[in-house]
C-alpha cells in the first residue's frame, strides 16, 4: 500500500445486509481515486466471471426443434426452454457437466423442485416454474444438461461444441441448445464518498459496494473473495522478477494499525498533522520548522520555548508566533522549561 495509508490508518471493511438481501460493504479509508479503481476491477469480474450451474441444453423425447408443441402440455417447447434457461444451481464437485433425465406423467404444474436433483446439487432459483401437463395420457421425458461455468455461452459456441461431439460419436444429436449465462448477481452498484483527510486537508475515499445476489443461499462475501482471487492472479503477472520496486513510498498492510486497536499511542507515533495546517504561521516560520525536521504539529507540541529558541533560524518572535498559532488550534507547546 502507499505510504499515505499510514496517515489514513489501516483500511477496514464493514459488512451488513438489509431486508432486501442486499449486502453492503464499506471499504475505507482509501487514498483519493483508489475507490473508483478498485470498484472497476471488482464489477467487471463480479458480473461476468463468477461460477454457477445453468442448463445449456435439453432433449425432449420425440421433439426435434424448438418451435414444436406437445399435446397435453400447456406451454410450447420454446417457452419450456426459456423456463429452463432461468434455472440456476450450485455444486462444489469437480465435474463441470452432468446429464439428468426426468419423466413427467401426472396432471400437475411442475417446478424446479420436481426435477429430483442429486443431493449435491443446490437449487438457487427456488420454485421456478417449468410447465404444466393438461392431459393424463401425456408423458414427457426430458433430458437436460447441467453445466458449471462462468460468463455467457452463446448459441454459436454451443453449436460448435455439439458439432464436434456429433462427429466424434458418429451420430446426430437432437439437443435443443440454450444460450445461457452463469451470473448469480442481480445488481452490483457502488458509490464513493469523499471525506476530508485529517492530515493535509485532501480527500480520501470511502468505497461502498452493494451486491444483490439471485438467492439468499449465495454468500456475497464468498463472491467478493473469489473475484479478488481472480483479479489478484492477473495483477501479480505484472510483477517482474528482474524489475526494481521502489518501496520508499510504500508500507505493508501488516505494519498498519487502526486507531481503535491501541488505546494509548505515544506522541511520537501519531505524526499525522503537518505543520502546513497551521494557517496562522508565516511562511518564514513554517520553513524554519521544516528545516529543523519539525514537520508535524504533534511533534511540535513536545517542544518547549527553550528548545525552539535553540534551533537555527527560529528566533524569539517566531516562537511567539508559533505559540499563538497553536493556541488558535486549541494546542500548546510543551510545559517543561
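Bear in mind that the values in this text are calculations on the coordinates, not laboratory data. Source: prediction; values computed, not measured. Cβ atoms come from the backbone with ideal geometry, glycine included; neighbour counts cover every protein chain shown.
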Problem set entry | In degrees, nearest ten, helix 316-328 long axis to first principal axis of the chain (Cα) | 40 degrees
For this session: Using Cα centres only, tell me the gap between region 177-255 and region 14-43 in whole Å.
Result: 8 Å
Seminar exercise, completed: Taking r as the C-beta separation of residue 59 and residue 12 and R0 as 35 Å, the FRET efficiency to the nearest 0.05 is 0.10
Seminar exercise, completed: In whole angstrom, the spacing between the Cα centers of region 107-122 and region 129-166 equals 15 Å
Exercise. For residue 234 and residue 2, what is the calculated FRET efficiency with R₀ set at 35 Å and r taken between the beta-carbons, to the nearest 0.05?
Worked result: 0.95
For this session: Would you mind getting the Kirkwood hydrodynamic radius of region 52-181 from its Cα pairs, rounded to one decimal in Å?
Result: 15.3 Å
For this session: Just check region 271-328 against the gyration tensor rule for me: Cα atoms, a ≥ b ≥ c as the square roots of the eigenvalues, rounded for a/c under 1.5, and otherwise prolate or oblate depending on whether a/b exceeds b/c.
Result: rounded
Seminar exercise, completed: Mean projected area, convex hull of alpha-carbon positions in region 91-161, reported to one decimal in nm², is 6.0 nm²
Exercise. If we sort 225-237, 148-160 on the protection proxy, mean other Cβ atoms within 10 Å, highest first, what's the order?
Worked result: 148-160, 225-237
Problem set entry | Fluctuation leader among 21, 292, 83 - the chain, Gaussian network, Cα springs under 10 angstrom | 292
Problem set entry | residue 95-residue 157 pseudo-label distance in nm [points 7 Å out on the Cα-to-Cβ vector] | 2.2 nm
Exercise. Relative to the first principal axis of the alpha-carbon coordinates of the chain, what is the inclination of helix 220-235, with its axis defined by its Cα atoms, in degrees from 0 to 90 and to the nearest 10?
Worked result: 70 degrees
Exercise. Most fluctuating residue of 114, 92, 246 in a GNM of the chain with Cα springs under 10 Å: which is it?
Worked result: 246
Seminar exercise, completed: Two pseudo-spin positions, 7 Å from Cα along C-beta at residue 241 and at residue 331, lie apart in nanometres by 4.9 nm
Problem set entry | Additional length obtainable on full extension of the chain from residue 127 to residue 216, 0.36 nm per residue less Cα span | 30.7 nm
Seminar exercise, completed: Log10 I(q)/I(0) at q = 0.06, 0.09 Å⁻¹ for the chain, from Debye over equal alpha-carbon scatterers, is -0.43, -0.69
Problem set entry | Distance between modelled label sites at residue 44 and residue 120, nm, 7 Å Cα→Cβ extension | 3.5 nm
Exercise. Expressed in nm to one decimal, what extension gain is obtained for the pair residue 108 and residue 313 from 0.36 nm per residue of sequence separation less their Cα-Cα distance?
Worked result: 64.5 nm
Exercise. GNM, the chain, Cα, under 10 Å: largest mean-square fluctuation among 302, 125, 248?
Worked result: 248
For this session: Show that you can apply the helix-only estimate: for the chain, add -39,500 (n - 2.57) for every DSSP H stretch of four or more residues, divide by all residues, and state [θ] at 222 nm to the nearest 500.
Result: -8000 deg cm²/dmol
